[in-house]
Amino acid sequence: MGRSSKDKRDIYYRLAKEEGWRARSAFKLLQLDQEFNLFTGVNRAVDLCAAPGSWSQVLSRKLRGLEEKGEKDEEVKIVAVDLQAMAPLAGVTQIQGDITKVSTAQEIIRHFEGQPADLVVCDGAPDVTGLHDVDEYIQAQLLLAALNITTHVLKPGGTFVAKIFRGKDVTLLYSQLKIFFSGVTCAKPRSSRNSSIEAFVVCQNYSPPEGYVPNMSNPLLDHSYDVDFNQLEGPNRVIVPFLACGDLSAFDSDRTYPLQLDSGKRYEYTPPTQLPIRPPYQQACHLRKNNLLSREDAKRPDQSQDETGPPAKSNSSV
Ligand SMILES: C[S@@+](CC[C@H](N)C(=O)[O-])C[C@H]1O[C@@H](n2cnc3c(N)ncnc32)[C@H](O)[C@@H]1O
């Protein structure tokens, strides 16, 4: 048996078979619930990127009380969205659609009879190319698309849970999420493989900026909407385009960035045009190489400032 097939047959793979889950991913949502108590008081839930349906199974079993009460809770409504069709599930309405489309948001709202959702979860993943930067970029785009459709359907105070790749530019995504949620925590459930940079953001207390009007023109995946991004103003522009290689502001040739070094010295750093912004340590190396900095000042800042470390194994608030 090859290494990868052995990996697939880990404890959660076996448990999923035993307990009738469609995928081992079910345990990720169950473990996130143990940690964050996601399901209390939830009557309307949306599962984005749901196929083959193990997260929808978890929602159905937990929210409709099939396990605990042995009866259905008819109050509960669950909608599952995916590009692909999936086998029917008790108590789950399926929408075969694209989460980047406003029509999908409208369909969800129709199903909830105009009421907003209490919880939106998204375990979405694009087809992996094997090129890490490309995969990270596409995953980030999918997360922003999930966030965007969530702003159409989630109630104020509601919760959003989504898969995130903890790549080198993950802090940009955290800052996007923190615009909309007062609590953003990054969690790595035990069932998520240590070898993967996958983690989950648990975003609590949805509180969009005052005056924010949900629209689908922000994410870069679909340019077919009428709203011109440049026409959007104030809080409606808060979802900025995401660049896997850096922050757009690095392209402002006239902008300077404060650089705080271990010795306490501060520098005003102006990046050359067309150069992606660097984390502090790389910036220091760049300055050192160009004789702009003493050797002592160029030494590595402590780890807590370096955002490019390996994936965390425990939960961390961001
Ligand atoms: C890892 S699977 C989800 C597994 C699921 N949570 C479960 O537990 O069974 C990722 C899913 O994302 C879906 N997906 C990717 N992009 C999408 C999009 N733009 N709209 C809807 N679904 C999408 C894929 O079709 C795929 O089924």
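So here's what we get for this one:
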{"read-out": "Nearest-10 value in Å² for the accessible area of residue 19, using the 1.4 Å probe", "value": "80"}
{"read-out": "Where 28, 155 fall by accessible area, highest first, once all protein chains stay in place (1.4 Å)", "value": "155, 28"}
{"read-out": "Order of exposure, largest accessible area first, which applies to 61, 9 with probe 1.4 Å", "value": "9, 61"}
{"read-out": "List 197, 164, ordered by accessible area with a 1.4 Å probe, largest first", "value": "197, 164"}
{"read-out": "Pairs beyond 23 Å (Cα-Cα), from 28/62; 77/155; 101/155; 77/178", "value": "77/178"}
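The values are calculated or read from the model by the stated rules, or taken from the named source; none is laboratory data. Keep in mind that what you see is a predicted model, and the values were worked out from it rather than measured. SASA here: full protein model, heavy atoms, side chains in, ligands and nucleic acids out. Shrake-Rupley method; radii C 1.70, N 1.55, O 1.52, S 1.80 Å.
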